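Notes to accompany the following structure.
The values are calculated or read from the model by the stated rules, or taken from the named source; none is laboratory data. A quick note: this is a predicted structure, and the numbers were derived from the prediction, not measured. Here the Cβ is made from the backbone with ideal geometry for all residues, glycine too, and neighbour counts use every protein chain on show. With ligands, DNA and RNA removed, areas are computed over all heavy atoms of the protein, side chains included. Shrake-Rupley method; radii C 1.70, N 1.55, O 1.52, S 1.80 Å.
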Amino acid sequence: MAGRGMDMSALPKEVRDQLAELDLELSEGKGLGQGKDKELLCLAPPPSSSSRYRDRRSRRPHRSGGTRDDRYRSDIHTETVQAALAKHKEEKMALPMPTKRRSTYVQSPVINCTPPDSSSGSENEGALLRQLSVGADLEALDTPSLLQPPSLQSPDSWINHSVQGSSTSSSASSTLSHGEGKPQPQPSQPQPQHPVIADMLAHARIENSAPPPDVTAAAAQARDFSQVDRPTIPPLVRGMSRGQSRSGMMETADGIPVNSRVSTKIQQLLNTLKRPKRPPLSEFFMDDQEEIVEVPQPDPNTPRPEGRQIIPVKGEPLGVVSNWPPALQAALVRWGATQGKSPALTALDITGKPLYTLTYGKLWSRSVKLAYTLLNKLGPKNEQVLKPGDRVALVYPNSDPGMFLVAFYGCLLAEVIPVPIEVPLSRKDAGSSQVGFLLGSCSVSLALTSEICLKGLPKMPTGEILQFKGWPRLKWVVTDSKYLTKPGKDWQPHIPAANTDPAYIEYKASKEGTVMGVAVSKVAMLTHCQALTQACNYCEGETLVNVLDFKKDMGLWHGVLTSVMNRIHTISVPYAVMKACPLSWVQRVHIHKVRVALVKCRDLHWAMMAHREQRDTSLASLHMLIVADGANPWSVSSCDAFLNVFQIHGLKPEVICPCATSPEAMTVAIRRPGVPGTPLPARAILSMGGLSHGVIRVNEEDKNSALTVQDVGHVMPGALMCIVKPEGPPQLCKTDEIGEIVMNSRAGGNMYYGLPGVTKNTFEVIPVNTLGAPIGEIPFVRSGLLGFVGPGSLIFVVGKNEGLLMVSGRRHNADDLVATALAVEPVKTVYRGRIAVFSVTVFYDERIVIVAEQRPDASEEDSFQWMSRVLQAIDSIHQVGLYCLALVPANTLPKTHLGGIHIFETKQHFLDGNLHPCNILMCPHTCVTNLPKPRQKQPVGVGPASIMVGNLVAGKRIAQAVGRDLGMIEDQDLIRKHQFLSEALQWRAQTDPDHCLYVLLNAKGLVVSTATCVQLHKRAEKIAAALTEKGSVNTGNNVVLLYPPGIDLIASFYGCLYAGCVPVTVRPPHPQNLAATLPTVRMIIDVSKAACILTTQNLMRILRSKEAAATVNIKTWPTIIDTDDLPRRRPPMIYKPPTAEMIAYLDFSVSTTGMLTGVKISHAAVSALCRSIKLQCELYSSRQIAICLDPYCGLGFVLWCLASVYSGHQSILIPPLELESCLPLWLSTLSQYRIRDTFCSYSVMELCTKGIGTQTEILKARGLNLSCVRSCVVIAEERPRLALTMSFSKLFKDLGLSPRAVSTAFGSRVNLAICMQGTTGPDPSTVYVDMKSLRHDRVRLVERGAPQSLPLMESGKILPGVRVIIVNPETRGPLGDSHLGEIWINSPHSASGYYAIYGEESLQADHFNTKLSFGDPTTLWARTGYLGFVKRTELLDAAGDRHDALFVVGSLDETLELRGLRYHPIDIETSVSRAHRSIAESAVFTWTNLLVVVAELSGSEQDALDLVPLVTNVVLEEHHLIVGVVVIVDPGVIPINSRGEKQRMHLRDSFLADQLDPIYVAYNM
C-alpha cells in the first residue's frame, strides 16, 4: 500500500493506524463510485481525505471507447452479468494479483495505493446507453470479508497477529488466509489479514532485520563458475533422512519468517483453489492403463432434443418479371444507352460531403473502354495477354467505389473473372500470405488498381512494388480513364445470356485462417439479384445508402450488382467517413429521401452516439433499414436502442430488417418490411445452457443465462433450406435442435475456386435422415450459420461455425463470450471493439482464450479487477472456465482491413509467444477438468520376499551389476608398502624425483607453474612444518584449505597428511561477491571445527577485510597461515596413520537441495578409489590427462589432487574460471598436448557448446584438432544430460572429435565414484523409457520417437570393486532387472559416514551400513539416494559376459510428489526450456503442493508475459500437471553449483523471501 519500498515502522503511530484503517476501508470497497445506492451512502463512514480523493478520481467522466463498436451492447445483458457477479459476492475469494517488476511497467502513484480487491463504480459511455449501475452488490463484490468493522479492531492487534506464524511445513497452509472468524489463540492457526498489509509488514519486517545472504547477486558474473555452493542449514549440520521433508526449513538463511509478499499471494492462490469447484460436466475418469486421457462420459442429465425431424423450409417462388435482363451486363447496356444521365453512384469524401457522382452513361462507356483495353492493349504489339475466363485481382481502396464499379463491370464485359481483394498495406499485413494462397489457387497474374492506390502501395528501393509475403508475381494495371483506349466504332463487348461459368470470385477467410475464393456463376449472380429485388421490393430509379464494404458480401450484392440491375442510385459511405462523421449516412438518408439503407450494428451505434448534434433529420423515407450483421444474436440491442433514439425522427419500427448471409450460400434469409401498425415478430429467449448442448430450450428459471435472439426473416425467394448437424454426416436436425443451415438455391456460390476437395464437403451436401438415408438428390450448400426454424417458418441464427468453441463436448459461441466480457464495465480498461475470443487445444480439449486491447490509462489494478470479474461472469453465465485472459497494449493486435481483429493471426501470435501481453491471467485450475485422478499409493501388501520369488519364477534376474575385480595385479609391492597416499608421494620423490606430475595453465594457455614429484614433496614438507610450528595443531585436527584451483592446493593437501591433520578443501569466497559466498565458507569452517586455515596472502587479506566484516564475524576466524613464502623447513617427522581406517580427508559439498553435507573419506577408501580409477582409465606414469574441473569436492577433487600421485601420470590442470576469459582454452589444450583422456564438468561443456559451438570453422583454421581425444568424461552427480553431450559431440565433430569419445561418470555423497566410462568395454548404451510409467516408479522401455518417451544414457561403466543393486526404497527388498528403485552400493571406497557434530547414528547406519530386508542379509550397503535401474544389454564386456548397464534417473531428494506421482524436475524443465525461444534456463520446485516454474528470460522484457501461457501449456500437455506459479526472471538468477547443477531449494527460499527481483510473477488460478 504505502509504496512497497517504504519503511512503515519509521512513520508515527497515528499515521500507521490511519493507513491501516484506510487500507481496510479501501479493501472493503468503500471508496464510493458514482451511481451508488443511497442505502450504501448511509452506511458508509465519512470518507477520509485520501478516499475522498479517490472518489473524485472515479467520478471523472470517461471518454467513450476508441472504436465504439457496439455490436454486443445490451442493457439487459449488462444487468444480467452484474447480477451474476453479485452472486459471487458471498463466496468471494481474493485472487492474488500478479507481481511485476516496478521498472518494467510504470504505474501512477495513486493507483499504487488501491488494493487489488477494490472495485470501482459503473461507467458512463454516452448518456443514452448508460449501463445500469449495480450499486452495493458490485461494489462489495471483489473484497475479502474482513471480519470486524475497523472501529472494533485496532490495527495494532492484527498487525501483531500477522507477524506470527510463518509457515513451517509444506502441507500446512501458508501465512495468511481470509475469512477466519476471529483471531485464534493457537499459533498454528493462520491469521486473517489483508494481503496488502501483509506485504507492507513483510517488507517492514525484512528491512529491519539483518539482511539475509543475497543468493542472487552472483548473477552479475557469468553464471557457470562464479556462483557458489550455498547451503541452507540450521547451525547444526546433519544429513537429513531421505524420507524427511525438507520444507521444515522454511525459515530462510537468517531465520526470517517467510511471510513476504510472495507467500501471501501463494496463500491467496491456495485459498482460491480450495474453493469447491463446480463438478465437471462428467465425473473424472480413470486413465486406461495410465494411457492418454479419454473423453469424459456424457452426463445423463444433459438436455436432449425431443422434437420431430425437421421438414425442409421452402421460400416463396421467385417471380418472373418481363423486363428482367438476360444477364447483368445487359442491364448496364440498357441503362447506359437509355438513361445515360441517371446517377449510378455517389462517393463521399472524408468529411461526408459528395465527392463525385458517376452516371450510368459514364459507367457504361468507361467499362467498355476498360474491357477493350484488357482484351487488346495489355501486351506488346497488341498481343492478347488476357483471355475470357482468366482471373484478375481488383485492388481498390474503400474510399474509391467509382473506380471499383468501373473495374468490376469492365471485367464482366471482357468476360474475365474479377477477384476483389483488400489493398495490401505492408509486407507484414495480418493474413497477407493467406491472400497470396487465394491468388495462387485462382492463378491470378494481373492486378487492376487506380493510379492513387498504386502510388500508395509499399515499394522496394528500386521503385518496384514490393513482393508481398506468399503472393504470386503480379503485373499491375492502372485503370484510370486517361490510361484506357477507346475502342473503335465496330468493337462491341460480347454479352451472352447468363450461364454456369464463373462471373466473379469473392474471398472468404476460414476459422483456420485460410483464405479461399467462392466462385459465383453468372446465372447465380443474376438469380441472386432477382431474389434480392423481389425480397426487398426494389424499384427502378430509387436511392440506396451503402455503409458496407462494396467488395464483398451485402455491400457488393446490393450496392454493386442489384443496384445496377434496377438502375438504383447508390450513395457509398466509406469506413473512414464513419470514423470522422458517424452521422453521415443518416444525413444522406434525410437529404436524398433514401428508401433503403445498408448498415451494420456498429453504424447504428455510432449514429446514436452522435445523434445529439443533429436536430432536423428525418428517416421517414426509409422503407428498409437492412442490418447486415443482424444474424449476430447481440444485434438485437443495437436495433432496439437505435429505434428508441430515432423513432422521433420518423423511423418506423417495421423497417428494421436483419438478415443472415454467408459467402457460400450468399443471402440465406432477410426480414421483409412489415405492414405499419402490425405487431413486430416475437423474440426467442433461449437458455444458454441448452444452447451449449445444441438444444433449444426457452429460458425460464435462471434469467442470468438467457440469450435473446431476433429472427432474420424468411428464406429467400426460390430457395430451400434445411438444418443439419454441424459435425459428422449431414443428418437432419430435430425441430428443437440447433444445427447448421444448409441451402439449395440457384442463387448461391458454386465452389471454392481451385480447391475441388474442400468444395465437395461444402457445396455438394445431401442431407440424410435418422437412418442415414439421403432425403433426395439435390445438393445443398453449407452456410456456416448455426440456427433453427422458429414459429411461422421464421429463421433464427444463434452463431457461426467459425465462432464455435467446443469445450468438453459443449458448444459456446465466441460472440456470446465477447458480449459477456463487455458487459463487465470494461470502459476504462479495454477498448470495446478490440476483443478476440478463440480456443486452443491443450491436453485433449479446447481451452478458451480471450485477448483484449487495454487502454493506456488503465491501471494494473483496474485491469486485474476487470479480468477477475470477466472470469466470474463467464463462469456464472456460460458455465465454462476460461483458460487464459490476456490484455495487450492498445493497437497491437493484428487487424483486418476494416479495423476489426484478425482472430486467426491473434491466435497464432498467442501460440507462438508473439502476443506481448501487458497483463495476463491463466486459470488452468478451473477449466482443466479432464486430468486423470491423482494416484492413491496402495499399501504394499506383497512382501519383498514374495517380490523376489515372483521375479525368479518369472525368470527375471535380480537387478545388480558388478565392476571388475580390484585384484592385486601389478605394483603389488607399492600397494603393500604404501597403502597411504603420503607414502606414495615420498616413494615417487625418491625413485623418480624429476618426473613432472602437475602442469597448471592460465587463460592464455601458458604454463604458470609445474610440480615434479620431489618439488611437491618438498613443498608439502614446508607446509607440514609451518602447521606444527605456527598453527600449533595436533594430530587429527581438521585444517581448512582455502585456495584457488592450482598446485598450492595440492601441496597443502599433502602437507596436512604429512602433519597428521585432516584436510578440508573449501572453495574460496568470490572477491566481488563476498556477501553471497563468504557465509558458506564460514559455515564449513564452523561445522568442521577447523583448527587452522591454510590460504594465500591475497585470500588472507580478503578474509580480514572490511567487506568481509560486513558479512561475517572476522574476529573469530581460527589461525590463518599464508603459505606463499614459507621458510625451507622440514617437519621433525612425517606422520604415518596407525590404521588405514583413519580419516584421510573430509569432503564437504552442497547438494542440489541446498543441504551442506560433509563425508569422511578414510585412507583405505582413498587407495581403493585411486586404484579403481587407475584400472578403469589405464593410467600410468607415461600418460598425460587434462582436467578442467573444480577441485573442491567429489570426483573432481580426487582427479585433481590424488590420482596423479597414486598412478604417476601427468595432469594438466585448467581452472574452469579461466574459460570465461578464453573459451577455447580447454579444447586448444587438448589439441596442443595431443591429450587422449580428459575430464570436465557439464558447466565447461555447456560453456563450450554455447560459446564456441558456432566458431568451429575459425578454430579449424587455427589448426585445432581433437582427433587425438579417446575419452572425454563428464564428472557429475546427476542423470547424464544426453542433449548436451550429443550437441557437444555434433558441434565439435568437424574438429575431429570422435562421436564415441564423450561419456559421463556418476558419483554420490556416500560414494564419490560409482561409474566411469574408462578405456575398455562397450560404448555407453541409450534406452528410451516411457515418462508416464516413470511417474509411477516403473520402467517401461519404448522405441525411439515414441510419444512421451525419455532418452536415458548409461552413466559409464561400473568401477572395479563396486557392486550395485537396485532396491525398493520402501520395502528395502531387491528388485528385478529393468525395475526402478534406489541405487545401493557396496565398495571398498565408499565414504565412512557423515561428518556430524553430534553423531546421528541412525542416519549413519541408514545411509552407510544398510542391509537388505531379504535376499542377502549380511552384506553392508551404502544408499546413494538416487533412483535408477540396471538393464542387461546385448553388448559384451571385456571378460566376454553380457554387460549390465546402470541408468541413473535422478535424486530421490529432488523428486516432486504431485498428484500422487513422482516427477523429476529436470524432465519438466526440459519441456519448459523448449516452450519459447526466449527461455534461457528454467527450474521448478513445489511450495504447498503448487508447482512453481522459474524461467530465465533471454529476450526483451516485453516477451516476459508471452512465456506464461506457453509454459503452462507445455507442462500440462507433456506432464499432465497444472502450473501454480510462473516466475519470469533475468538470466543468471537460477543458482548453479560448481558441478553445474541447479540449486532449486535456494531458488525456492529466495523466491519466498522475495529476493529474486522477478520481471513478472503469474499466479495461475
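When the pairs 937/1431; 353/593; 1357/1431; 937/1332 are compared against a 19 Å limit on Cα-Cα distance, 937/1431 fall above it.
Here r is the Cβ-Cβ distance between residue 1498 and residue 1029 and R0 is 56 Å; the resulting FRET efficiency, rounded to 0.05, is 0.55. On a per residue basis, the range 1247-1329 carries 36 Å² of accessible surface, using protein heavy atoms and a 1.4 Å probe.
Using R0 = 45 Å, the C-beta based FRET efficiency linking residue 937 and residue 451 works out to 0.05. Using the Karplus relation 6.51 cos²θ - 1.76 cosθ + 1.60 with θ = phi - 60°, the per-residue 3J(HN,Hα) values for the range 514-519 come to 5, 9, 10, x, 8, 8 Hz, with x marking Gly and Pro. Sorted on the mean count of surrounding Cβ atoms within 10 Å across their residues, most packed first, peptides 1089-1100, 414-425, 1319-1330 read 414-425, 1089-1100, 1319-1330.
Within the range 705-794, the proportion of Cα pairs with more than 23 Å between them is 25 percent.
Straight Cα distances below 30 angstrom link residue 314 to the lysines 508, 511, 522, 551, 552, 600, 652, 725, 734, 760, 800, with same-chain residues fewer than 8 positions distant left out. Computed over neighbours whose Cβ is under 15 Å from that of residue 652, the net charge equals +2, Lys and Arg +1, Asp and Glu -1. Extension gain for residue 727 to residue 428 (0.36 nm times residue separation, less C-alpha to C-alpha distance): 104.2 nm. Measuring between alpha carbons in the structure, the pairs from 362/455; 469/1260; 387/482 lying more than 29 angstrom apart are 469/1260. Let me make sure I get this right: for the range 450-590, a, b and c are the square roots of the gyration tensor eigenvalues over alpha carbons, sorted descending. Under 1.5 in a/c it's rounded, otherwise prolate if a/b > b/c, else oblate. Which is it? Judged from the Cα gyration tensor, the range 450-590 comes out rounded (a/c under 1.5).
Note on residue 778 and residue 898: with the Förster distance fixed at 41 Å, the Cβ-Cβ geometry gives a FRET efficiency of about 0.70. Here is the link list: 1136/1174; 1290/1542; 459/1250. Which ones come out longer than 28 Å on Cα distance? From 1136/1174; 1290/1542; 459/1250, over 28 Å: 459/1250.
For the range 1239-1292 versus the range 1305-1344, the spacing of their alpha-carbon centroids is 21 Å. The count of lysine pairs in the range 972-1096 with alpha-carbon distances below 22 Å, taking only pairs 8 or more places apart or on different chains, stands at 4. When all alpha carbon pairs of the range 382-451 are counted in 5 Å bins from zero, the resulting P(r) reads 4, 16, 25, 24, 18, 10, 3, 0 %.
Between the range 687-755 and the range 801-872, the C-alpha centres lie 24 angstrom from each other. Using 0.36 nm per residue and subtracting the Cα-Cα separation, the extra length available between residue 87 and residue 1557 on full extension is 525.4 nm. For the pair residue 1003 and residue 793, label points projected 7 Å from Cα toward Cβ lie 8.9 nm apart.
Extension gain for residue 1489 to residue 1114 (0.36 nm times residue separation, less C-alpha to C-alpha distance): 130.9 nm.
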